[in-house]
Structures are given as C-alpha cells and as structure tokens.
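Where a number appears in this text, it was derived from the coordinates with a stated rule and is not lab data. Since the model is a prediction, treat every value here as computed from it, not as a measurement. Note that each Cβ is placed from the backbone with ideal geometry, even for glycine, and that neighbours are counted across all protein chains shown.
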Amino acid sequence: MSVRDLSDLELKALAFVDERELVRDLVGLVGVPSVSGSDAECEVQHLLAKQLSHLDLDLDLWPLDLAELTADPAFPGWEAERTEAWGLVASTSSGEEAGLVLQGHVDVVPPGDPARWSGAPFVPRVVGGRVHGRGTVDMKAGVVANLAALRAVREAGIPLARPVALHLVVGEEDGGLGAFATLRRGHRGAACVISEPTSGTITTANAGALTFEIAVPGVATHGSTSYAGVSAIDGYLPLHAALAGLELERNAVVDPLMAEYPVAYPLSVGKLRCGDWASSVPDLLVAEGRLGVAVGEDPADARVALEQAVAAAAGRDAFLRDHPPVVTWSGGQFGSGRYAGDGGALRDLVGAAHADVTGGPAPRERGAPYGSDLRLYAEAGIPTLHYGPGDVRLAHGPDESVPVDELVTVTEALVLTILRTCI
C-alpha cells in the first residue's frame with residue numbers, strides 16, 4: 001500500500017484493516033448457502049445483524065411485507081417466490097440521512113453441477129491467495145469489504161460528522177426485492193457505493209435485463225405419423241433465429257461506456273421446456289430467456305422490440321401465422337441505470353481513494369452488461385456506482401473465487417471513501 005498524501009486519521013483507520021480478519025469473515029459468510037429464495041437467505045441476514053451488533057450501530061432488521069411489496073406497481077419482479085425475507089440496515093446514527101451508503105446483496109445463485117467444482121461450492125477454501133466458493137465474487141467479498149471498512153473506522157475511534165449506513169439486501173439476483181424494500185422503508189443517502197465486483201474499475205452505468213417467456217404452440221400426434229401434426233420445436237427454430245437477429249440489431253450502436261464488450265446488450269435463451277413423450281410430436285415449447293436493455297432505454301420499448309420480432313417471424317410461418325406464439329414477461333425485470341446527480345464527485349473520490357492505496361492510477365470508468373441494484377438507487381435520486389473486489393466473469397460459474405489482495409485493496413479504498421465523505 002502506498003501512503004502518499006494520507007492524513008494521520010486515514011493512516012490510523014487503515015491500520016485496523018486486517019487481512020486475516022477479512023478472510024475469516026468471507027469464509028464464514030460463504031459457508032452460509034444463501035441461494036435466492038432459500039431459508040439460508042434469511043439466516044445470513046440474522047448472522048450479519050449479530051456481527052454488526054458488536055459495532056455499536058443503529059440496526060434496522062425487519063421482516064419484509066411481501067404481499068405489500070409485490071402488489072406495488074413498481075415492484076421489480078422475482079424468480080424465486082418467498083414466504084419470508086428480511087431487510088437489514090446498520091447506521092452510525094439514527095434519524096439522519098446517511099452521507100454515504102455502502103450496499104451489498106447477500107443472496108447467491110445456485111451452484112450448478114457440483115462435479116464442475118474442485119471442491120464443495122459452499123465449503124469455502126483458501127488456495128493460492130484466493131478464497132474459493134459460491135458467492136465469493138458475487139458478492140460476499142464486497143459485503144465483507146463494506147463491513148470491514150466501517151469496522152475499521154469505528155475501531156479507530158474516528159468521529160464522523162455525517163452518518164454512514166450499510167444496506168444489506170436480499171433478492172438482488174432475481175430482481176432487486178431487498179433494495180426495493182429498503183428504499184421503500186425510507187433508508188436513503190447522499191451517495192451510494194455498491195461493492196459489486198469490478199476488477200479494479202469503477203462502474204457508472206449498467207444495462208438492464210428483462211426475463212421473458214415465449215410459448216410456441218404445435219399440434220400433437222404420434223411420432224410415426226409426424227406429418228399429421230406440427231412440431232412446436234420446428235416452430236420455435238425460426239423464432240430463435242429472429243432473436244439472434246434482434247440481438248445484432250440492438251447492439252449496432254451502444255453507449256460509449258459499453259463499447260468494450262463484444263455484446264453490450266445480450267439476448268439469450270437459457271431454458272427450453274418441450275414435449276412429454278419421445279414418440280409424440282410436441283404441441284408446446286416454452287422458451288425462457290433474458291433481454292438486455294440498453295443504457296437509457298425505456299424497458300417498455302425493449303419489450304415491444306422483442307414482441308415485434310417474434311410476431312414478424314411467426315407471420316412468415318404458415319401454422320404460427322394463425323396460431324401465434326405468446327410472449328409474457330415474468331421474473332426479474334431490471335431496467336438500466338446510470339450514475340448521476342453529483343457532477344462526478346463520488347466517482348472521483350472513489351477513484352482517488354483506490355489510487356492512494358495502490359500507488360497507481362485512478363481506475364478507469366466503464367459500464368456493465370448486467371442488471372443490478374444500481375438502477376433502483378439511481379431512480380431514487382441517489383448518485384450510485386459499483387466498486388468492489390473480484391472479476392464478474394467468474395460469477396455464477398464453477399470454482400468462483402476472489403483474490404485476497406483485491407479484497408484488502410477495496411476495503412482500504414472504502415475506508416478512505418468513508419473518511420473523505422463523512423468527516
């Protein structure tokens with residue numbers, strides 16, 4: 001770590017960042033299999049609340065009113081229905097708007113095929129200077145960095161003129177339930193850093209992602225007389241080609257912050273359900289996928305574009321012309337988001353903090369091709385960006401892992417961000 005231009009107070013707080021403590025906390029958190037919608041998603045919130053209770057913070061741990069939230073016209077959707085979920089906010093002072101919010105989600109995606117992992121996904125291990133396990137990158141390392149940064153400031157005994165708040169949320173992976181509920185409860189801040197993995201960069205915009213289903217009809221018959229029926233599989237194939245064409249069209253011109261990606265706004269089909277008997281012609285195929293939303297695009301316009309592409313392809317098929325596929329929108333509905341509102345003050349401050357702890361240049365700015373809670377905080381008028389440990393390309397895959405040294409760097413940069421924002 002460089003010590004250039006650091007004040008005595010900053011050096012004092014940084015002395016309380018302990019690498020072994022960071023690894024211990026991350027290992028403990030990854031060991032809780034908090035898959036979106038699972039019981040462990042609730043368990044991990046109570047575990048974190050217990051840890052935070054030792055820091056003399058004002059805690060708000062509350063059960064989410066799921067009926068009220070899901071009935072809200074602005075509800076961002078979910079894919080894992082829940083009967084219970086919890087919100088958690090910890091603040092250095094109650095009753096005041098936070099000068100800075102550090103936000104992170106505690107839910108993770110399922111581990112997939114365990115045979116693809118070098119070890120059990122939820123049995124964390126430290127190998128080669130990296131912590132391995134589901135959720136290390138996305139985004140429990142970021143959550144640990146948030147907690148450790150605030151803990152360092154508290155343990156250093158440095159008084160803050162403006163409150164700092166931790167927003168720990170559930171349901172980010174499938175729509176943004178926890179962030180939506182936290183903002184609806186009235187928790188706000190003058191600025192927000194979401195510690196999603198950014199690989200040493202700062203993310204100031206992200207694309208959206210809309211979950212869709214396309215139901216493609218057919219006519220069932222015995223496989224031996226397939227000529228007498230209409231296969232829903234055959235009907236789907238030209239629709240799939242049309243979706244590929246739509247993806248190309250929607251990526252012809254992209255926001256400059258997204259220009260580095262081969263495909264800035266991906267359109268992908270991730271699940272197909274079709275048929276119930278091998279020797280029957282299937283009469284229904286359901287395709288489930290996600291439509292990338294361009295930065296600044298109205299999600300309603302994106303939906304129309306997909307619906308029109310499907311309708312046009314169906315109109316060129318003799319059967320589907322009279323039996324059109326049905327497009328529905330379910331699951332997570334992520335709009336795009338962009339950092340704005342403070343003239344770049346938070347971006348520059350976080351960039352300078354990163355440069356000061358690494359001794360290198362300020363991080364470059366870029367966008368992200370995935371949806372996140374950024375857009376919910378931005379919609380609430382809070383300048384919000386991503387800055388956190390890990391490489392998002394390892395998220396959601398086997399052998400997910402995060403470098404320990406990157407976790408330390410981000411934690412130290414967040415310590416400086418707290419001090420430079422709130423003292």
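Taking only the alpha carbons of segment 208-334, we obtain Rg and Dmax values of 16.1, 55 Å in that order.
With θ taken as phi - 60° and the Karplus curve 6.51 cos²θ - 1.76 cosθ + 1.60 applied, the whole-hertz 3J(HN,Hα) list for segment 386-394 is 9, 7, x, x, x, 10, 4, 5, 8 Hz, x standing for glycine and proline. Extension gain, Ala228 to Ser199: 0.36 nm times the residue separation minus the Cα-Cα distance gives 4.9 nm. Backbone phi angles across segment 86-103, fed through the Karplus curve with coefficients 6.51, -1.76 and 1.60 (θ = phi - 60°), yield HN-Hα couplings of 10, x, 8, 10, 10, 10, 6, 7, 8, x, 10, 5, 5, x, 8, 10, 10, 10 Hz in residue order; Gly and Pro are listed as x. Within the straight-line cut-off of under 15 Å between alpha carbons, the aspartates and glutamates reachable from Lys271 are Glu79, Glu213, Glu288, sequence neighbours fewer than 8 places apart in one chain being disregarded. In the chain, the DSSP-assigned H stretches of four residues or longer account for a calculated mean residue ellipticity at 222 nm of -10000 deg cm²/dmol, using -39500 (n - 2.57) per stretch and the full residue count as denominator.
For segment 276-301 versus segment 178-232, the inter-centroid distance based on Cα atoms is 10 Å. Under a 5 Å amide H cut-off, with hydrogens placed 1.01 Å from N, Ala368 pairs with Ala205, Asn206, Ala207 among residues at least 5 apart or on other chains.
Summarising the strand pairing of the chain, around 70 percent of its internal DSSP beta bridges are antiparallel.
Run the numbers for Arg20 and Asp301: contour at 0.36 nm per residue of separation, minus the present Cα-Cα distance, in nm. Let's see the in-between values first.
Numbers: separation 281, 0.36 × 281 = 101.16 nm, distance 4.88 nm.
Between Arg20 and Asp301, full extension yields an extra 96.3 nm.
If R0 is 45 Å, the Cβ-Cβ spacing of Lys50 and Ala318 corresponds to a FRET efficiency of close to 0.10. Only lysines eight or more places from Lys140 in sequence, or on another chain, were considered; those with a Cα closer than 19 Å are Lys50.
Computed from phi, the 3J(HN,Hα) profile of segment 369-375 under the Karplus parametrisation 6.51, -1.76, 1.60 (θ = phi - 60°) reads x, 10, x, 7, 6, 3, 5 Hz, with x in place of Gly and Pro.
All C-alpha to C-alpha distances of segment 351-416, sorted into 5 Å bins beginning at zero, yield P(r) values of 3, 14, 19, 21, 22, 15, 5, 0 percent in whole numbers.
Multiplying the residue separation of Val126 and Asp39 by 0.36 nm and subtracting their alpha-carbon distance yields 28.7 nm.
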